[in-house]
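What follows is a set of notes on a single structure, which appears directly below.
No lab work stands behind these numbers, since they all come straight from the coordinates. As the structure is a prediction and not an experimental result, all values here were calculated from the model. When we count neighbours, we look across all protein chains shown, and the Cβ atoms used for this are built from the backbone with ideal geometry, even at glycine.
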There are 2 protein chains.
Amino acid sequence: MINFQTSPDQYKHWKLNVAGPVATLTMDVQEDATLNEGYKLKLNSYDLGVDIELADAVQRLRFEHPQVKAVVVTSLKPRIFCAGANIYMLGTSSHAFKVNFCKFTNETRCAIEDDSQHSGRRYLAALNGTASGGGYELAIACDEIYLVDDGNSAISLPEVPLLGVLPGTGGLTRLVDKRKVRRDRADVFSTLAEGLKGKRAKEWGLIDDYFPTSKFQEKIDARVREITNDATTVGEGIKLNPLQKELKPAGVEYKFVSLVLNREQRYADLTVQGPERDLPTSPDAIRQLGDSYWPLQAYRELDDALLHLRVNEPEIGLVCVRTKGNIDDVLAVDQTLAANKDHWLVREILSYMARVLRRLDLTAKSFFAIVEPGSCFAGNLLELLLASDRSYMLNDAEAEPTAVSLSTLNAGGLPMSNGLTRLESRFLANPKKLAEVLARTEPLDAEQADEAGLITFVPDELDWEDEIRVAIEERTSLSPDALTGMEASLRFAGPETMDTKIYGRLTAWQNWIFQRPNAVGPEGALTNYGKPTQAKFDFRRT
Amino acid sequence: MINFQTSPDQYKHWKLNVAGPVATLTMDVQEDATLNEGYKLKLNSYDLGVDIELADAVQRLRFEHPQVKAVVVTSLKPRIFCAGANIYMLGTSSHAFKVNFCKFTNETRCAIEDDSQHSGRRYLAALNGTASGGGYELAIACDEIYLVDDGNSAISLPEVPLLGVLPGTGGLTRLVDKRKVRRDRADVFSTLAEGLKGKRAKEWGLIDDYFPTSKFQEKIDARVREITNDATTVGEGIKLNPLQKELKPAGVEYKFVSLVLNREQRYADLTVQGPERDLPTSPDAIRQLGDSYWPLQAYRELDDALLHLRVNEPEIGLVCVRTKGNIDDVLAVDQTLAANKDHWLVREILSYMARVLRRLDLTAKSFFAIVEPGSCFAGNLLELLLASDRSYMLNDAEAEPTAVSLSTLNAGGLPMSNGLTRLESRFLANPKKLAEVLARTEPLDAEQADEAGLITFVPDELDWEDEIRVAIEERTSLSPDALTGMEASLRFAGPETMDTKIYGRLTAWQNWIFQRPNAVGPEGALTNYGKPTQAKFDFRRT
């Protein structure tokens, strides 16, 4: 079982040093500290375990070290920054694992860019040696890239020429969409195994600058000073403590989140408990609560549960999303968050909630939201329903109140990868109705919610149990691959962004290539990398 | 060898009737007239042969019947409109053929929408019976959808529940992006094998209206009258005559296009001959020339050569694009086209040139443009260079002039699928430079073209032959699959549109699923469709 929880004192591959407004994130991968057997992490190559630490470090910077303005990402290894994802790890992994690995590493790189965009931290890739493949893809997720000019160090994306696969962590998309490199140059670069050194790399826009070895550190330091010169002070950070969770044979129990696996029927019940009553409303009091403040703790638990489902429970095809609690208490939390959204900690909490919801959007499982008496799909928790592929709401006038409710957070603050809110995506056909729905402040019962266009089905109490049971049975009987492709196509209507291009276009192509005999067959390039045998291709173009 | 040329007198599956401003395009698929053996085209199901006729009919409407304002797409079969792509054809086809089949049918549907958008013809899908799978995908490519209400007829996308694959002809994307159907309803519809009948289909926005059998024809006629009431008359159409082409063992020769296959080295030389001198400059004189007018004939030949390369020459991985002729003559044609772009025939010619160039953008082969003395990469032919993955231009001051040149058509009129011009896509990083380049009216030699950012490499005469030879050898040695994924990622920087979502996101996912054992393995759903054996799935979600 893969555990996504870690902390700096447990890191094996990264060192996180913070000195005032400057953080240094140094890669020093331990060859033998691998997540699985059968490969060694030479030359700062990485596996999922290495990336879990990186994701944790980026997250901690935001919550624990809010004063940091510049993050220098570099390596402790001489003449090598990072050799990318470990090829032998990829070559020996299942298709599903490769796909999940790429998705998580993509999310980590998008989290770096999310930090730049929303919290203004600048990430500097200080390439003290060669950055190849995923190494350059990590660099290109940073705001600025500086390469040492030692006559040897280069940047490269050797996946196509050497391995017969794509740079699968957003590299191709970021080349032409983020750094806006001319596509013919991107084409040359992406087919050149040895890559490019400083001069041409800068000319083509692949790096920002290059410096001789003797001046490298000095130049990086100078750039860091420029960034941190006018650093404003913010309050002190909060500590992210280890999540308390209990692993059970049939699931995981957290404080606010419960995951119950119905393995035989291949579906899970994922229940989120709403907040306690009377939570603090001032930023100072929230900082006192720290990571036990409901929005932070519940969403950290939800994030962990989603990652657990993805990687450790591949056979679960459907997740029934449920909530328990009081609608007013959820709305009170949303009101506090919205009122204080410019405070650094609240901003971090909101950005994090948005990232967790996007993790759900990108999870290759079906989601059905189930709205029953005692549930609290309101405000931020209503996003769970809107993110689901369908929703079912009990329509029973006799039962204790069953309602859903909107808050200002549904109008903004928790955007999807396509840049829209989930309600905007839902009401693309009818923006006027969107405005009407957003104006409703009272809780909506099943018929009102149906009328408002928020719910898929509202069975009455006679049909309820049968309808849910049949829906679950039907969904879990379908081809899991067809569902993945269908959901990826239906979940992201409207505009596309660099993120959706990475997860949609690039990931889909990479998944395709990861199955092709030319990559993973007995004579494929990935299979034969580093062996005395040579790859042999079926040259028919598809 | 598959032949993409046809004409109404040769149609086996469609009838095209034109009466004044109304065309009726009637599907009546002949079961036994299949392109390959091993399946029967029952219930108006289709194979590539059926779609080649449809593509031809849409094309002919635009050139031969410009007065048509409304196109009614319907079926001659009782109680069935169209059952979609033939499943046994899909089940017995190679992966590469399935992918090429879906790409062509997608291009046909996009051509229908291109006609609506640019030429204002309205397409009405008159569903006189059930439209399932590709049948509904054809309907949703039309502007309006009307379904007969006979107690039985339905629309459906049964691919996911019945076949374990996606509706691969844009259906999912058009559901949420064109008709803007709510994604939860799209989810329900796309997993419901039996589909939906009139009332709910209309409620959910899947069709525009439904009428009882007795009123169906009358209602369609009434709607057609509304559309054609204020029809303005345009000039008479021109005839699209059969292309003259000579098939040779090593290629195809047309009048203006030559395709020479170097099969052993797996690359082709594709040469386009520029226009004759002193072509007419008035729309009337152009109509006199008809389909022998250079822009129309050369691009029809180019289109045919591209389709031939895709489907009949799968092992050719690289196309070296060359031109021959006089730059001034190309620029003169561009000037005529630009000056008369509002004339219906010139508009049709320009839209067609743009579609052919987009066909190139979407062809899964590498393209290198080779600029040598005597070439004429200018204006519309410069788009061939800009569409290529790379360009090489001889830099030899002694040689006879080698130049490229811009025209106003490079600034608009020949857009990519992403809505941008190829120059806009190229200069995303530097819009100022784009404006400077567009302002240059004189021919540019190699160094000027390099400086202007138009060319990838400008080797001198000493290096020229070796550099081209090595580039070809290197390119054709790489994994064809990795190249396809890489090129699909690098060719479309910037914004995404419904078209790019269909070709990028949806197609990539469909290609992935088309390889998965759950679809095409011995126990896969596609393999087992219609057999007594049942599909068995590996339920691990990826």
Exposed GluC sites (Glu not before Pro) being those in a DSSP loop with at most 10 other Cβ atoms within 10 Å, the longest stretch of chain B free of them is B:38-263
If you look at just the Cα atoms of the range A:279-420, how large are its Rg and its Dmax in Å?
15.3, 45
Chain B - Kirkwood radius from inverse mean 1/r over Cα pairs (Å):
24.5
How big is the charge dipole of the range B:93-237 about its Cα centre, in debye rounded to the nearest 20, if each Lys and Arg gets +1 on its Cβ and each Asp and Glu gets -1 on its Cβ?
400
Dividing the convex hull volume of the alpha carbon atoms of the range A:74-162 by its residue count, what do you get in Å³ per residue?
100
Histogram of C-alpha separations across the range B:1-106, 5 Å bin width, %:
2, 12, 22, 23, 19, 12, 6, 2, 0
If a/c stays under 1.5 just call it rounded; otherwise compare a/b with b/c (prolate if a/b is bigger, oblate if not). Do that for the range B:39-187, with a ≥ b ≥ c from the square roots of the Cα gyration tensor eigenvalues.
rounded
In nm, one decimal, shortest first: how far is the label point of A:Tyr529 (7 Å from Cα along Cα to beta carbon) from the matching points in the other copies?
3.6
For A:Ser75, residues with placed amide H under 5 Å, excluding near neighbours
A:Met27, A:Asn128
In terms of the ratio Rg/(2.2 N^0.38 Å) built on C-alpha atoms, what value belongs to the range A:368-517?
1.17
Would you mind giving the mean number of other chain beta-carbons within 10 Å of the Cβ of each residue in A:359-367, as a whole number?
1
Name the trypsin sites (Lys or Arg not before Pro) in the range A:1-84 that are in a loop by DSSP and that have at most 15 other C-beta atoms within 10 Å, would you?
A:Lys12, A:Lys40, A:Arg79
Kindly flag which residue pairs out of B:Lys365/B:Lys531; A:Lys197/B:Lys501; A:Lys15/A:Lys219 have an alpha-carbon separation exceeding 26 Å in this structure.
B:Lys365/B:Lys531; A:Lys197/B:Lys501
At what distance in angstrom do the alpha carbon centres of the range B:327-373 and the range A:338-352 lie from each other?
52
So what J values fall out for the range A:416-430 if you push phi through Karplus, 6.51 cos²θ - 1.76 cosθ + 1.60 with θ = phi - 60°, rounded to Hz, Gly and Pro as x?
6, 4, 7, x, 8, 6, 5, 6, 4, 4, 5, 9, 3, 6, 8
In cubic angstrom per residue, the convex hull of the range B:240-295 built on its Cα atoms measures 82
Positive-end extreme of charge dipole, the range B:196-340 - chosen from B:Pro275, B:Ile238, B:Ala222 (charges on Cβ)
B:Ala222
Can you list the lysines whose alpha carbon is less than 25 Å from that of A:Lys433, not counting same-chain residues fewer than 8 positions off?
B:Lys178, B:Lys180, B:Lys199, B:Lys202
The answer for A:Ile2, listing residues at least 5 apart or on another chain whose modeled amide H is closer than 5 Å to its amide H, is none
Give, to the nearest whole percent, the P(r) tail of the range A:462-542 beyond 17 angstrom, counting all Cα pairs.
66
Quick one: label points 7 angstrom along Cα→Cβ at A:Asp328, distances to the other copies in nm, smallest first?
8.6
Cα centroid separation - the range B:175-245 against the range B:17-90, whole Å:
15
So what are the ³J(HN,Hα) numbers for the range B:442-452, from phi and the Karplus equation (6.51, -1.76, 1.60; θ = phi - 60°), rounded to whole Hz, Gly and Pro as x?
8, x, 10, 7, 4, 5, 5, 5, 5, 4, 6
Treating the point 7 Å from Cα along Cα-beta-carbon as the label, what are the nm separations from B:Ala429 to the other copies, to one decimal?
4.3
How big is the equivalent ellipsoid of the range B:1-44 along its three axes, where each semi-axis is √(5λ) from the Cα gyration tensor, reported in whole Å from largest to smallest?
24, 14, 6
Per residue of B:166-175, how many C-beta atoms from partner chains lie within 10 Å of its own C-beta, taken as a mean?
3
Check which residues have an amide H placed less than 5 Å from A:Ala378's amide H, if you skip close sequence neighbours.
A:Ser405
Computed [θ] at 222 nm, deg cm²/dmol, the protein assembly as shown (DSSP H ≥ 4; -39,500 (n - 2.57); rounded to nearest 500)
-11500 deg cm²/dmol
Roughly how many whole Å is it from the C-alpha centroid of the range A:259-300 to that of the range B:438-466?
61
Largest first and in whole Å, what are the equivalent-ellipsoid semi-axes of the range B:174-238 based on the Cα gyration tensor, each being the root of 5 times an eigenvalue?
31, 18, 10
Checked against the positive end of the charge dipole of chain B (+1 on Cβ of Lys and Arg, -1 on Cβ of Asp and Glu, about the Cα centre), the farthest of B:Tyr392, B:Gly485, B:Leu296 is B:Gly485
Report the convex hull volume per residue for the protein assembly as shown, counting only C-alpha atoms, in Å³.
173
Under the √(5λ) rule applied to the eigenvalues of the Cα gyration tensor, what semi-axes describe the equivalent ellipsoid of the range B:163-298? Give them in Å, descending.
45, 29, 13
Which trypsin sites (Lys or Arg not before Pro) in the range B:398-448 pass both tests, a DSSP loop state and at most 16 other beta-carbon atoms within 10 Å?
B:Arg440
With 10 Å bins from zero, work out the P(r) of the range B:309-379 over every alpha carbon pair and list the percent per bin.
18, 36, 34, 12, 0
Length-normalised contact order of chain A, Cα under 8 Å, at least 6 apart, in percent, tallies to 12
